[in-house]
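The values are calculated or read from the model by the stated rules, or taken from the named source; none is laboratory data. Values in this document were obtained by computation on a predicted structure and should not be read as measured data. No Cβ is skipped: glycine too gets one built from the backbone with ideal geometry, and neighbour counts run over all protein chains shown. The protein model used for the area step is the full one, side chains on, heavy atoms only, and it has no ligands, DNA or RNA in it. Shrake-Rupley method; radii C 1.70, N 1.55, O 1.52, S 1.80 Å.
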Amino acid sequence: KMLPLHLQANDHYSLCHIYFLQLLLCYLFQQYETAAELADKVKEHLQGATSLLIIPSFNFFDSLIQLALYNSASVQKRTEILQRVSENQQVMVVWTQHAPMTRQHKYDLVAAVQASVKGEQLEAIDLFEQAIKGAGVNGFIHEQALAYELAAEFYYGRNMLSVEDLYINNAH
């Protein structure tokens with residue numbers, strides 16, 4: 001009901017939050033194409049959220065969404081995905097320097113998934129472990145669960161089912 005009113009009023013703050021929450025749900029339910037479309041809508045309205053915590057969260061999930069689409073993308077699109085993730089990571093590394101306890105595990109998790117899609121398996125393993133540990137130590141159990149889940153997918157894709165089982169159970 002409210003979305004048309006927010007669009008009519010050009011209410012960037014509300015639109016940014018609405019689209020971000022929809023994006024988050026789509027990502028969690030593995031509707032990556034829709035999540036990517038919503039990410040573009042969030043970007044259109046980010047100026048309405050200047051200096052709010054939604055911006056680093058958007059940066060984090062935008063990268064994860066892009067990387068989730070990587071394997072099914074064309075060669076040209078893969079290059080664009082890696083460029084977008086690289087740009088997000090450049091911003092994230094600055095935030096990480098200022099607040100490592102709230103950002104480092106996010107940076108590491110994106111880097112782990114990025115290494116995974118690039119075929120850098122040993123680096124991905126190390127980064128998944130860093131992300132899991134960092135999220136846990138700093139009390140981000142929801143993001144630790146996400147890191148476990150993404151690590152489980154990584155191990156499943158390498159037919160390491162006993163390891164995948166362990167990680168998916170830890171995610172739970």
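Observations on the model:
- Rel. contact order, % - alpha carbon contacts under 8 angstrom, at least six apart, the stretch 18-121: 22 percent
- Dipole axis of the chain (+1 Lys, Arg; -1 Asp, Glu on Cβ), positive-most option in Ser63, Ile141, Leu161: Ser63
- Violating pairs (Cα-Cα greater than 20 angstrom) within the set Lys1/Lys41; Lys43/Lys133; Lys43/Lys118: Lys43/Lys133; Lys43/Lys118
- FRET efficiency, 1/(1 + (r/R0)^6) with R0 35 Å, evaluated for Lys77 and Asn10 via beta carbons: 0.70
- Paired Rg and Dmax values of the stretch 14-116, which use every Cα atom, in angstrom: 13.1, 36
- Compactness of the stretch 90-172 was expressed as the Cα radius of gyration divided by 2.2 N^0.38 Å, which yields 1.05.
- Electrostatic dipole magnitude of the stretch 6-70 [Cβ: Lys, Arg +1; Asp, Glu -1; Cα centre; debye, to 20]: 120 debye
- Proximal aspartates and glutamates relative to Lys77, as straight alpha-carbon distance under 17 Å, when same-chain residues fewer than 8 apart are discounted: Glu33, Glu37, Asp40, Asp62, Glu87
- On the beta carbon distance between Glu123 and Leu25, with R0 = 35 Å, the FRET formula returns roughly 0.70.
- Heavy atoms of the protein chains alone define the surface here; on that basis the chain has 55 Å² accessible area per residue at 1.4 Å probe size.
- Hydrodynamic estimate: the Kirkwood radius of the chain over Cα pairs, inserted into Stokes-Einstein at 10 °C and 1.306 mPa s, corresponds to D of 95 µm²/s.
- Rounded to whole Hz, the Karplus (6.51, -1.76, 1.60) HN-Hα couplings of the stretch 116-132, x for glycine and proline: 4, 5, 8, x, 8, 5, 5, 5, 4, 4, 4, 5, 4, 5, 4, 5, 4
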